[in-house]
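Note sheet for the following structure.
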Amino acid sequence: MDSRAEEPVSTKMESLRLACVREIPSLDQWTDAVTASLRDNLSSIRSRAHETSQSQAKIVEVKARLREAEDDLVKALSVKNRTEAKRIALIDSIAARKARVEELKRKVQDQRAKRDEYAAIISQQLSVSEETDGQNGKDEIQEAITWYNMVLGFHIEGGHGVRFIFKNISMKNPNEEFSFTVRHADDTYTLLDCDPHLDDIKELIHELNKTNGLFKFVRIMRQKFQEAAAQGFLPQPTSPRQESSMVSASAPALSMSIDRSQSLAKKSEHQVQRGEADRRFKKQNRGKGAIGSILSNESVRRSPRLAGIIRLL
């Protein structure tokens with residue numbers, strides 16, 4: 001009975017074994033297929049992982065470039081804003097300058113109008129002043145001539161040379177005439193006569209030719225005559241005079257004809273004070289009312305040109 005019971009079990013086991021054997025090839029095929037599929041999937045996953053890694057590197061690089069681009073954009077916007085601000089400021093400055101130019105144009109037009117108006121007034125005043133000064137100038141010149149002749153006893157004679165004559169030199173005899181004669185030819189001054197004779201006259205003539213300062217020379221000669229008179233040297237009573245014609249002119253006028261290149265600035269360097277001559281004249285001519293009136297301060301104040309001429313000697 002036991003053997004009968006065991007037979008179905010072994011048979012069943014055998015049948016199961018055979019069934020398993022039959023299924024093994026199909027399972028092997030399935031396993032191989034699954035393995036191959038897994039290999040393919042793994043290779044694909046690895047490829048995708050590599051691509052993903054490369055993509056991430058590219059993303060990092062792109063992000064860095066993006067940040068650089070953003071920085072450049074910020075800088076460009078900043079430059080643009082500054083440029084725009086400068087442009088607006090420049091426009092405002094140009095507008096202000098244009099307004100200033102227009103204002104200056106108006107002022108220039110006003111100034112030109114005033115200039116023309118003032119020029120017309122000045123021209124009118126000058127025409128009137130010239131007419132008045134013409135007469136005043138003649139009066140002043142005549143007054144200066146009178147002053148030279150009466151106060152300094154100074155006059156000039158023209159002929160072969162120019163003879164300068166001084167009175168009021170000697171305290172003992174104010175009417176005594178001290179004189180010298182010079183000739184100007186070929187830009188050279190030559191002494192023709194000197195009465196009384198002065199020892200250093202040659203040096204004075206040399207200095208005159210060197211400096212061309214006739215005003216200074218005449219002033220120095222007057223001083224030399226005064227020194228000579230103080231030492232007792234007087235003119236020769238029989239000294240010959242050249243044939244001449246009296247020229248009633250002041251010393252500055254004649255000097256201008258002899259020395260045309262003498263400038264006004266040069267003249268001012270040779271001015272001297274008239275006080276000494278006035279005091280000497282008053283001592284020699286006390287009681288002469290006519291001369292006193294010529295020397296009056298009122299006369300000098302009234303004629304500035306006369307005062308300037310007086311200071312030359």
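Every number here is computed from the coordinates shown, using simple stated rules; none is lab data. Model, not experiment: these values are computed from the prediction. A quick note on method: Cβ atoms are made from the backbone with ideal geometry, for glycine too, and the neighbour counts reach across all protein chains shown.
For a Förster distance of 51 Å, can you work out the FRET efficiency between the beta-carbons of Ala69 and Gln111, rounded to the nearest 0.05? Don't jump to the answer; show the numbers that get you there.
Details: r = 61 Å, r/R0 = 1.19.
My answer for the efficiency is 0.25.
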**Study point:** Distance (nanometres) between label positions extended 7 Å along Cα→Cβ at Val60 and Leu27
**Key:** 4.8 nm
Check your understanding: Which net charge results when you count Lys and Arg as +1 and Asp and Glu as -1 among the other residues whose beta-carbon is under 13 Å from that of Asp72?
Key -> +1
Check your understanding: Stretched out fully, how many nm does the piece from Gln124 to Thr211 gain, at 0.36 nm a residue minus the Cα gap?
Key -> 27.1 nm
Point to revise | Three-way shape label, the stretch 127-233, alpha-carbon gyration tensor, a/c 1.5 | key: oblate
**Study point:** Potential lengthening between Val101 and Met171 on full extension [0.36 nm per residue; Cα-Cα distance subtracted]
**Key:** 17.7 nm
Practice item. For Phe154, enumerate residues with amide H under 5 Å from its amide H, sequence gap 5+ or separate chain, H modeled in the peptide plane. Key: Asn149, Lys167
Study note, to complete from the structure: Residue span Asn149 to Leu42: 0.36 nm per residue of separation minus Cα-Cα distance leaves a gain in nm of 24.2 nm
Study note, to complete from the structure: Taking Met171, Met221 and counting other beta carbon atoms within 10 angstrom, the fewest-first order is Met171, Met221
Point to revise | Separation in nanometres of the label points that stand 7 Å from Cα toward Cβ, at Ser93 and Lys80 | key: 2.4 nm
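Volume per residue, Å³, of the convex hull around the alpha-carbon atoms of the stretch 49-95?
On the way: hull volume 1.6 nm³, N = 47.
Spelled out: Cα convex hull of the stretch 49-95, divided by residues, is 34 Å³.
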